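The structure appears right after this line, and notes come after that.
A short reminder: the numbers here are calculations on the coordinates, not readings from a lab. No experiment lies behind these values; they were computed from the predicted model shown. Every residue, glycine as well, gets a Cβ built from its backbone with ideal geometry; the counts of neighbours run over all protein chains shown.
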């Protein structure tokens, strides 16, 4: 198994802030809109450097989406910023009608996704957003795994023509991807090759998948680990190739199992390569208030449960 030399942990929302700041310097058409959460989304650097291209819309998320859609008509590339719950659930109609249906070049940037929002509780811990966004025609859905990948993804989506949903979070997680990486939308990252089971993970669960693979190796089980940072368009070729090699699959995500990564991977396999599959994710439940690490443990979103899922998947072969 590949060994990563982890020297620091950073939150992925800061990767977004760094990417947006870099875009501010390199692309004059990039504008940013925020719904009263500039500090939380680390948009301060862009705001301070480009006050004429930053728009604080207040607690009016639906209005923000309408403004962003309109700005694209003049050639601007709007990046909207608020919590994932407000980026999707509060303004779904505006996203569907004004952005996705019209194919507008808006980048919907959503922080504080999933259970790791922590103490704010179930009302803010959206676990359905990936499903909501990927069901929209024309929408690209991206969920990077660490600071560096989030920064690279933020920069890359500015060059992509069409609406994008970019999901990231609040907790500090290990930084293990390359600082100089080139982010390729729709292309899976094969982190490590294996022969006994494929572990397909996204977002914060990628690092947990890596740790699970190391633990499985100690048990004599060879795990292949794939980072699916782009959930739509899905890299079906990479998934099918790996499933045919290992014969069983585990998916891992900080999201509902229904409608998330597990759903699209199982659909892909059912159509192309029927394979035993196990799911690590939230099972048809809302979250609750608590410390992020405690919540991830309670809801089974960690390396320990990925290991158990891998053993169940192998037993089904």
Task: Between 0 and 90°, nearest 10: helix 303-315 axis offset from the chain longest Cα axis - done: 50 degrees
Open item on the list: For the chain, take the longest principal axis of its alpha carbons; what is the angle in degrees between that and the long axis of helix 205-218, to the nearest 10 within 0 to 90?
Closed with: 20 degrees
Open item on the list: Students often check this: by mean Cβ neighbours within 10 Å, which of 68-76, 179-187 ranks highest, and how do the rest follow?
Closed with: 68-76, 179-187
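For the range 189-315, what does the alpha-carbon gyration tensor say about shape, rounded, prolate or oblate, given a ≥ b ≥ c as the root eigenvalues, a/c under 1.5 as rounded, and a/b over b/c as prolate?
It comes out oblate by the Cα gyration axes.
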Open item on the list: Sorting check: for 204-211, 132-139, 270-277, which peptide has the highest mean count of neighbouring beta carbons within 10 Å, and how do the rest follow?
Closed with: 204-211, 132-139, 270-277
Open item on the list: Need one number: % antiparallel among DSSP beta bridges in the range 9-174, to the nearest 5.
Closed with: 15 percent
Task: C-alpha long axis of helix 261-272 to longest principal axis of the chain, angle in ° - done: 60 degrees
Task: the chain: most fluctuating residue of 142, 258, 126 per GNM, C-alpha cutoff 10 Å - done: 258
Open item on the list: If I take R0 = 25 Å and measure r between the Cβ atoms of residue 180 and residue 3 in this structure, what FRET efficiency does the formula 1/(1 + (r/R0)^6) give, to the nearest 0.05?
Closed with: 0.80
Task: Global form of the range 9-174, assessed from the alpha-carbon gyration tensor, a/c cut-off 1.5 - done: rounded
TODO: Quickly estimate the mean residue ellipticity at 222 nm for the chain, helices only: each DSSP H run with n ≥ 4 gives -39500 (n - 2.57), and the total goes over all residues, rounded to 500.
DONE: -10500 deg cm²/dmol
